[in-house]
1. Among Val95, Leu18, Ala32, pick out the residue whose Cα is farthest towards the positive end of the charge dipole of the chain, where Lys and Arg carry +1 and Asp and Glu carry -1 on C-beta, about the Cα centre.
2. Where does the Debye-calculated log10 I(q)/I(0) of the stretch 8-49 sit at q = 0.15, 0.19, 0.35 Å⁻¹, using only Cα point scatterers of equal weight, no solvent?
3. For helix 77-105, report the angle its Cα long axis makes with the longest principal axis of the Cα atoms of the chain; keep it between 0 and 90° and round to the nearest 10°.
4. Any number yet on Rg/Rh for the stretch 10-129, C-alpha, Kirkwood?
5. Counting pairs of alpha carbon atoms under 8 Å apart in space and at least six apart in sequence, what relative contact order in percent does the stretch 10-129 give?
6. Given the rule -39500 (n - 2.57) for each run of at least 4 DSSP H residues, summed and divided by the residues of the chain, what is its mean residue ellipticity at 222 nm, to the nearest 500 deg cm²/dmol?
7. Evaluate E = 1/(1 + (r/R0)^6) for Ala44 and Trp124, where r is the Cβ-Cβ distance and R0 equals 30 Å; express this FRET efficiency to the nearest 0.05.
8. How many nm is it between the label spots at Val85 and Ser9, if each spot is 7 Å from the Cα in line with the beta carbon?
Amino acid sequence: MGTMPTQRSVSDVLQDILGNFQQIIHSEFRLARAELREKADRAAKPATTFAAGAVLGFYGLGFLLLAIVYGLSMVLSAWLAALIVAAVLLVISAVLVASGRNRLKQIEPVPERTVETVKENVQWAKGQMR
């Protein structure tokens, strides 16, 4: 003789659904945190390159201004040296800033995996409610 499967009460089923939903939410937060940490790690180096380029650009501007001052106060050699240094720093700065900016543009800040799993979990939860 077969035994009848035991029927679970509605409150037991709801408790299980709530417990599963809580576990899903906790997992989603862990996934989002891990994904954002990964993206931040990927953005660190290009951001540093961009910052280095900006700092060198600032110094380049300083040398350019110094060259103008030397050019106005003297006729030849000191301002020419400062102008050459400023030009070199500005070229390096432009290359670093462009490189860092291009790398930063390639990084997508939205945690795609988390968004996808949240959508799947919402569909699952809707299916459990039916």
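A short reminder: the numbers here are calculations on the coordinates, not readings from a lab. Everything numeric in this text was worked out from a predicted model, so none of it was measured. Neighbour counts are summed over all protein chains in view; Cβ atoms, including those assigned to glycine, are modelled from backbone coordinates with ideal geometry.
1. Val95
2. -0.53, -0.65, -1.01
3. Value to nearest ten degrees: 10.
4. My calculation puts Rg/Rh at 1.46.
5. Values: 97 pairs, mean separation 43.0, N = 120.
Answer for the stretch 10-129 is 36 percent.
6. Working: 3 runs with 111 residues, N = 130.
Theoretical 222 nm ellipticity from helices: -31500 deg cm²/dmol.
7. Working: r = 35 Å, r/R0 = 1.18.
Calculated value: 0.25.
8. My value for the distance between the label points is 8.4 nm.
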